[in-house]
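Bear in mind that the values in this text are calculations on the coordinates, not laboratory data. Only a predicted model underlies this, so the values are computations on that prediction, with no experimental measurement involved. Note: ideal-geometry Cβ built from the backbone for every residue, glycine included; neighbour counts use all protein chains shown.
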Amino acid sequence: MRLDPDRLLPSDPATRAVARRLYERVAGLAIISPHGHVDAALLADNEPFSDPAELLIRRDHYVTRLIHAAGVPLERLGVPERTGDAITVSPREVWRTFCEHWHLFAGTASGYWLASGLVELFGIELDPCAENSDQLFDAIQEALASPEFRPRALFERFAIEVLATTDDPLDDLAAHAALAADPSFAGRVIPTFRPDAYLHPLAPGWADRVARLAQRCGSGASSYRGYLDALAERRRYFVAHGAVCADHAMVQPLSVELAEPDAAALFARGLAGELSAAEAAVFSGHMLIEMARMSVEDGLVMTLHPGVYRNHSSDTFARFGPDTGHDIPLATSFVEGLRPLLERYGENPDFHLVLFTVDETTFSREIAPLAGFYPSVYIGAPWWFLDAPDAILRFRAAVTETAGFYRGAGFVDDTRAFLSIPARHDTSRRLDSAFLARLVCEGRLELEAAERIAVDLVDTLPRKVFKL
Amino acid sequence: MRLDPDRLLPSDPATRAVARRLYERVAGLAIISPHGHVDAALLADNEPFSDPAELLIRRDHYVTRLIHAAGVPLERLGVPERTGDAITVSPREVWRTFCEHWHLFAGTASGYWLASGLVELFGIELDPCAENSDQLFDAIQEALASPEFRPRALFERFAIEVLATTDDPLDDLAAHAALAADPSFAGRVIPTFRPDAYLHPLAPGWADRVARLAQRCGSGASSYRGYLDALAERRRYFVAHGAVCADHAMVQPLSVELAEPDAAALFARGLAGELSAAEAAVFSGHMLIEMARMSVEDGLVMTLHPGVYRNHSSDTFARFGPDTGHDIPLATSFVEGLRPLLERYGENPDFHLVLFTVDETTFSREIAPLAGFYPSVYIGAPWWFLDAPDAILRFRAAVTETAGFYRGAGFVDDTRAFLSIPARHDTSRRLDSAFLARLVCEGRLELEAAERIAVDLVDTLPRKVFKL
Amino acid sequence: MRLDPDRLLPSDPATRAVARRLYERVAGLAIISPHGHVDAALLADNEPFSDPAELLIRRDHYVTRLIHAAGVPLERLGVPERTGDAITVSPREVWRTFCEHWHLFAGTASGYWLASGLVELFGIELDPCAENSDQLFDAIQEALASPEFRPRALFERFAIEVLATTDDPLDDLAAHAALAADPSFAGRVIPTFRPDAYLHPLAPGWADRVARLAQRCGSGASSYRGYLDALAERRRYFVAHGAVCADHAMVQPLSVELAEPDAAALFARGLAGELSAAEAAVFSGHMLIEMARMSVEDGLVMTLHPGVYRNHSSDTFARFGPDTGHDIPLATSFVEGLRPLLERYGENPDFHLVLFTVDETTFSREIAPLAGFYPSVYIGAPWWFLDAPDAILRFRAAVTETAGFYRGAGFVDDTRAFLSIPARHDTSRRLDSAFLARLVCEGRLELEAAERIAVDLVDTLPRKVFKL
């Protein structure tokens, strides 16, 4: 296992030479990570990572799902069960199972990130396998005990300038506050307001969450108006703690204009458990417009992550909970569903709306054309199943010819795998360099322009779009 | 800013050499443009273009939309308002705004066409920017005053053999007649029958248009039979003025068989304003089959441009009207919707049906398979958001393996930007050469066959499919 | 016409060198063909092929459809009419028509396979055309008379180890039995259980087929329980004759859980001809789960071939029957429709479900994510309109980054054109080598791993997934 210094750059020598030159301009720039799922407490506590399995396997559903597909039950990979039952498999066993299945990751994005981390951080040059599993485990374990592998040390080593987390609206953001108040930590770790569970009346526990929201915000009775006020108050709390973004997931990106009495009536019937699926979708579609309205007021960038069938295997969900590898993309449609929202706020210069998708057909068909007209709409980086080398190149080829480079929002790593952050950003930088180099070599772009754009994609655009 | 002589050809030296050889075969062939939106009066009047903004910016919604997305209001770009209010921004200001935003067009098709025109026609080698904006404006302005920049002189310089316009069925086609009668003009400028606004009962002003149609054609009362007769009469008028094609746009390519009494009843209720959206769709789906029937009778090629959500921003539409940059593609489906029409005329050797799409998923899935069986069905060139280098290569790769090269209809520029016509056709020729060269270098096509095909794509196919 | 030894390998010299090395590892491996449409009687009877038209044209709807699209009626190509009327066109005339239209196949998969067969099997180096049509006909005709062109001799020459046919559940499989019992034939020719016509209540003749099924299996009255028993009995009969797979086609891959009384009621009403289209879809969706249940019991791999609008031209269907070139792909959706089936059997280690598609948007969006989690789900090879060079590379790029190489099921040729089998498998091997070589040259895969994977794709995976 080795890392080719020209990895991910095109094989054609002329194009590779240009790509290498572009990559050198951006390789060392600080990481701006405006969307992801690292826990702020990881950095606030700054405890050592416990072991290789905890660090790299158990909580990374990109990794566990593929080993599961090979017939290994999730419990053998140490995925925590919902019941909170003690995990009976040792970290060393989990690691061995992973090493035995390493060949499954050939050609995958996860495999590439894992290899990058193993080589660059731990100096491992052996392909993981059953035979060297213990040796690798011990090597990593030993490294993790050293001070330079504490989370904050890695944060600095990774040159992360901004790291956004994703948080429940009722989170007290104590870890964020502690980090901000700590003079020994120079990084910027900011929360993201993620209110899905409070906006979808059929989400499990919605009424309870709404009640807790009302209670926390002192808005008395759970009236629709109080609910809106409480959401706005929590958004302001997030803004006060450094948030720049509110993130929204849904099956389809539907927005619906409702008069307030109609919305209030649906809200009340939702609390009473009386909404049909269609009515609930109307209500949450309405709430998406309300969230956009609040974004215009409080300045939070609105990001959309639609089009995923969550928790496809109900048996796995019952045992292991969400985010365990069985979320499956769906055909997604933005044009009609987002129209009511865009009719209202699409031309508003203070509103930033970043569209992500896992249905890559929408890149050229819908997202680039929308971002190519509406000043508020920005193209999100290729996300989730699409954050991989070939998919990233398809993304660039799909959106650039319609929308250029300046309607994008820069790269987001969207990860809960802290160690993979540098490899993911490096992947993106290499592939953007490869894409730009091809345009240069095909006479479609001047080299000087490509150099400027390469930097803008990494630095200028995320700062501007995410108001950093 | 310079034009690489090998631009758009692949970087791999072996492939580039073959591509160059193929391109040299077709670079100088005359332009056949069987579908576009240039105004025939431009050539009939042959007045000088007034200024660079009028020529290149104000009326090109590919250009204005991307600057608008950067936050510039359309009025600052001189886009005419519907109210007909005087435009308060000077051409020089519009041009400066464009130059300030030139970097937005890097990597876009529009940027490539604009650069081609600036370099090739005006000898400009500076990247437009705020600093040189006045200098460039003056240089272009001066050129426009010279006789060789009159529309007819450019028409000859561009080596346009046939140019089709797109026209309202009630247009008197006076400009076309004047051009045809003018012995000093050798070009062939032909109208295209575009009846959408007369076929969709919910289109604004439909009843009025139908009334005018009946009045013009002397078919007396607005009966359904009179309406059909009037449409057929206008088609004959277009044929008499050189038309070879009737062009049809719609949201989804739906065709519906109706018995005449049912169609007549919907027609009458449509005039009375009583149709639901679903009923109106049924009626216009029926009229699509009627148009196909008339095409079989009068020989006009039927082209379909479905799958666009027109005028997505109602505020922009209210102020600036249609074709102002906020038409957004939709997922499109041809297989079931076109079946009734194809059941009736799909095997008819006199019927030519050219399918365009802005949903590129349909290229390999629907359009190539349909064109690979029905003798009447031809594959339209990649259109609108897809008429760009990478998209054109994706198109060729998507359709060729199923349908070969001979079910295509050749390139169409579909443009209202007269100056971009040569750059667009040149782009297509370069990319087809690149695609063919790859097949040659991968041992999938003999060089001699590639040379023949390159010429057929530019010359033989559009002549045959569009009956020129 | 010549076959470049490096055909289908990338032009870039470094990548081509690696691709060649990988290809050399797999070029000579035996062919495993677990899904196709060759008739077992061809091998059992081992009669000489009658003539070039019968061998290569008349029965290959990939070929006839494209010549038909050029305006040649199917009867002129000798496609048999349903009425059984004598074919009036001679094989020589069919062959001449084909030769006259040979240029249509440039760039198509069919053209590539035909050229491979003509060169490699018959030593023909002339591009077919009107002038050499008789000469080529005679050369092929002469070869066909020789013993080495008998089906079994070709079977050995092609190095086919396993060939699966596709068969009606009531087929007596006599040809398969004869081949298995014949000590002079060493090949393995196995049937595939294809019950579609027995599972879709609105399929023409369904009730008759069900009656024959009940009669054959002695399950007495056509009760729902008897129907299930009879299907299970026929599956066991297939297993006893070597079958490893049950194959299922449908418009959309819908699965539906029904309680037995509800299923029985729909069955009874289906026999009475009383089902609506929606009810019939529910019943066949239910039967898909029943088939999965039986697969778990009897071990037959379940393959799904959804998403095709069959017999799009009803006129052609009426005259020439099914499989005559006018089946058209449809947008397909797996995620919600397959969920009930996967809820029940998705985690079952004995259940193998191979998903094929002709809607390539589902590769990255649905199929790779499903196969990347469920142990039962495997990714089918690119099928039908997608079994061509560029489409195969798009397939690999679309699925690998999410699912790796080891969730695939290997290549299937899916052909009724016996002579094209080696060219199809060779195509797949060359393109997989090309894909792997690119990953090697882009630093994404070690060469040693690529060599192992190349062999696994051809050998290990189809054996494992199809239980061979």
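Odds and ends about this structure:
- Amide hydrogen neighbours beyond the local backbone of A:G408, cut-off 5 Å, H modeled: A:I379
- Ratio of the Cα radius of gyration of chain A to 2.2 N^0.38 Å, where N counts its residues: 0.99
- By average C-beta atoms within 10 angstrom, highest first, the peptides A:133-144, B:240-251, A:323-334: A:323-334, B:240-251, A:133-144
- Segment A:263-324: GluC sites (Glu not before Pro) in DSSP loop, at most 12 other beta carbons within 10 Å: A:E274
- Averaged over peptide A:9-21, the number of partner chain Cβ atoms lying within 10 Å of each residue's Cβ comes to 4.
- Tensor-based shape of segment C:16-77 (alpha-carbon gyration tensor, a/c under 1.5 rounded, otherwise prolate or oblate): oblate
- Within the protein assembly as shown, DSSP assigns beta bridges of which about 10% are antiparallel (rounded to the nearest 5).
- Tail beyond 25 Å, pair distance distribution of segment C:94-217 (Cα, percent): 52 percent
- Look at where the Cα atoms of segment C:420-468 and of segment A:236-310 average out, and the two centres are 47 Å apart.
- Nm distances between copies for B:E24, ranked from closest, using label points 7 Å along Cα→Cβ: 3.6, 3.6
- For residues of B:61-71, the mean tally of beta carbons on other chains within 10 Å: 4
- Under a 5 Å amide H cut-off, with hydrogens placed 1.01 Å from N, C:I190 pairs with C:L163, C:A164, C:T165 among residues at least 5 apart or on other chains.
- In this structure the amide hydrogen of C:F373, modeled in the peptide plane, comes within under 5 Å of no amide hydrogen from residues 5 or more places off or on another chain.
- In terms of overall dimensions, segment B:244-295 has a Cα radius of gyration and Dmax of 11.3, 35 angstrom.
- Antiparallel bridges, percent of DSSP beta bridges restricted to chain C (to nearest 5): 10 percent
- Placing +1 on the Cβ of every Lys and Arg and -1 on the Cβ of every Asp and Glu, with no other charges, gives segment B:50-149 a dipole of roughly 440 debye about its Cα centre.
- Gyration tensor verdict on segment B:280-325 (Cα atoms; rounded if a/c is under 1.5, prolate if a/b is larger than b/c, oblate otherwise): prolate
- Shape call, the protein assembly as shown: gyration tensor on alpha carbons, a/c limit 1.5: rounded
- Computed over the Cα atoms of segment B:284-416, pair by distinct pair, the Kirkwood hydrodynamic radius stands at 15.7 angstrom.
- Rel. contact order, % - alpha carbon contacts under 8 angstrom, at least six apart, segment B:233-352: 37 percent
- Table column - 3J(HN,Hα) (Hz), segment C:36-46, Karplus curve with 6.51, -1.76, 1.60, x for Gly and Pro: x, 10, 5, 7, 4, 4, 3, 7, 5, 6, 6
- Inter-copy separations for A:D85, label at 7 Å along Cα-Cβ, nm, ascending: 7.1, 7.1
- Sequentially through segment A:400-411, phi angles give Karplus couplings (6.51, -1.76, 1.60; θ = phi - 60°) of 5, 5, 8, 10, x, 8, 9, 9, x, 10, x, 8 Hz, Gly and Pro residues having no value and appearing as x.
- Charge dipole magnitude, Cβ of K and R +1, D and E -1 - chain A, Cα centre, debye nearest 20: 600 debye
- Short to long, the 5 Å bins of the Cα pair-distance histogram for segment C:357-418 hold 4, 20, 31, 25, 12, 5, 2, 0 percent of all pairs.
- Mean Cα-pair separation over length for chain A, i.e. relative contact order, pairs under 8 Å, 6 or more apart, %: 20 percent
- Shortest-first nm distances, B:P48 label point to equivalent points in other copies (7 Å, Cα→Cβ): 8.2, 8.2
- Remark: mean inter-chain Cβ contacts per residue of A:444-452 equal 4, using a 10 Å Cβ-Cβ cutoff to other protein chain atoms.
- Whole-Hz ³J(HN,Hα) from phi, Karplus 6.51 cos²θ - 1.76 cosθ + 1.60, for segment C:231-237, glycine and proline x: 4, 4, 5, 5, 4, 5, 4
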